[in-house]
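Here, each number is a calculation from the coordinates, and none is a lab measurement. If you're wondering where the values come from, they're calculated on a predicted model, not measured in any experiment. Cβ placement follows ideal geometry from the backbone for every residue including glycine, while neighbour counts extend to all protein chains displayed.
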Amino acid sequence: MSRLFDPLTLRETVLPNRAWVAPMCQYSASDGLVGDWHLQHLGSLATGGFGLVVAEATAVVAEGRITSRDAGLYTDEHVAAWRRITDFVHERGTVIGVQLAHAGRKASTWWPWAEERGYEPPSSAGWQTVGPSPVPFPGLPAPRELTGEQVAAIPELFAAAARRALAAGFDVVEVHAAHGYLLHEFLSPLSNERTDDYGGSLENRMRLPLEVTRAVREVWPAERALLVRISATDWAEGGLTVDESVQLAKELAVAGADLVDVSTGGNVLVDIPVGPGYQVPAARAVREGAGVPVSAVGLVTEPVQAEQILVEGSADAVMVARQALREPRWALRAARELGDERVPWQPQYLRARL
Ligand SMILES: Cc1cc2nc3c(=O)[nH]c(=O)nc-3n(C[C@H](O)[C@H](O)[C@H](O)COP(=O)(O)O)c2cc1C
């Protein structure tokens, strides 16, 4: 029996194993509404044996979308669109989460395969972006600085989206505080130059992410798991550090997060030493330093590698992103390679089980 296929219980949410699918934007929604593409994408991952599938960054407000094609949970209409997908996933016996997001200064960009690059202007389907300070991400326009009143309204946007996530049937929610989007922009001194209670000291920079986490926790049922994704380091001089992220993770746990999903980078353009498992040391540092459950993500592609990450105590779960696109039933292969039979095959596919 492997560690990868041991269940993990967070509150009363039982994740049947520790091989999870990371959130991945599909840039295929229309006015925030998910459709057939998302059904087949998440549907096929739901037949892949994973213990949790986390649906893509889903905007809590229209201006929080990364692109005009991002998914949303900012109207009740979005609930019904998601419900069709969560019903399908549940019929397969799989647990599904959704990542709640606001893209801040990195919003309103063209989707990756558009002919244009960078900012999609309001003359097309874009909009004026917002952020903690009028500091632009390279290649994008400077965001409008959020007023104190506007900052105070953000936690309720996330809470309202979490209520809709519940109505839409999600088992788990994840707050997106990573990759240079709004909450990470507040955390990092490289994008946050505020002089009010939300800028300056680490305590002030953490204030909004913690308020958001508390607001979501208040409306998210006490028995269901809440995750927060962070970028544990900016990989840059003067940026957010792993030591600060250890503090953050401790506070997130107090605010009601059950697991911290540890990623890195995305707030500034820097060279990141990318290689197999390159973010695992950051996950381990947060797990050991803060004493909170964590997941590790980033170039985890092989079952033995995933198993090793868990056995050595670097993380409590692993997330797989691109390899799950190449191989949506990766977890079924992983179970076979690790000689573990505790993985559910869909009856339609049983004849392929070796
Ligand atoms: C197509 C695609 C879309 C992504 N969208 C998101 C997203 O919505 N939210 C997020 O936190 N990370 C997103 N990511 C990052 C992944 O979740 C993951 O952290 C990253 O790809 C590293 O893992 P990997 O090496 O297994 O791909 C995306 C990655 C890809 C490839």
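Here the scattering of the range 74-191 is modelled by Debye summation over its C-alpha atoms, one equal scatterer each and no solvent; at q = 0.12, 0.13, 0.14, 0.17 Å⁻¹ the log10 of I(q)/I(0) is -0.54, -0.63, -0.72, -0.96.
The modelled label-to-label distance between A152 and W113, using points 7 Å beyond Cα along the C-beta direction, is 4.5 nm.
Shown for the chain are the DSSP H helices of 18 Å or more along their axis, judged by Cα atoms, with a mean Kyte-Doolittle hydropathy of at least -0.5: 148-167, 202-219, 242-255. Taking every alpha-carbon pair under 8 Å whose residues sit at least 6 apart, the chain reaches a relative contact order of 18 percent. Rg over Rh for the chain works out to 0.95, using Cα positions for both radii and the Kirkwood form for Rh. Charged side chains reduced to their Cβ positions (Lys and Arg at +1, Asp and Glu at -1) give the range 8-352 a dipole of some 720 debye around its Cα centre. In this simple spin-label model, placing a label point 7 Å from the Cα along the Cα-to-Cβ direction at both N204 and S124 gives a separation of 3.7 nm. Ordering L354, L332 from the fewest to the most neighbouring beta carbons within 10 Å gives L354, L332.
For the listed peptides 40-50, 144-154, a ranking on the average number of other beta carbons within 10 Å per residue, highest first, reads 40-50, 144-154.
Among A296, P141, P121, pick out the residue whose Cα is farthest towards the positive end of the charge dipole of the range 8-352, where Lys and Arg carry +1 and Asp and Glu carry -1 on C-beta, about the Cα centre. So the residue we want is A296. Across the range 52-167, C-alpha contacts under 8 Å between residues 6 or more apart give a mean separation that, scaled by the residue count, equals a relative contact order of 28 percent.
Once the Cα-Cα distance is subtracted from the 0.36 nm per residue extended length, the S30 to E91 segment shows a gain of 19.4 nm. Arranged from fewest to most other beta-carbon atoms within 10 Å of their beta carbon, D76, D261, D31, D234 become D76, D31, D234, D261. Evaluated on the range 1-136, the Kirkwood hydrodynamic radius is 16.0 Å, with distances taken between all distinct Cα atoms. Among R92, R287, R18, R217, the ranking by other beta carbons within 10 Å of each residue's beta carbon, starting with the fewest, stands as R92, R217, R287, R18. Using a cutoff of 8 angstrom between alpha carbon atoms and counting only pairs six or more residues apart, the relative contact order for the range 216-281 works out to 39 percent. Most tightly packed first, judged by the mean number of other beta-carbon atoms within 10 Å of their residues, the peptides 107-114, 245-252, 300-307 read 245-252, 300-307, 107-114. Listed values for the range 99-111 are Karplus-derived 3J(HN,Hα) couplings in whole Hz (6.51 cos²θ - 1.76 cosθ + 1.60, θ = phi - 60°), namely 9, 8, 9, 9, 7, x, 6, 9, 7, 6, 9, 6, 5, and x replaces Gly and Pro. With R₀ fixed at 22 Å, the C-beta to C-beta distance from Q40 to Q346 puts the FRET efficiency at about 0.90.
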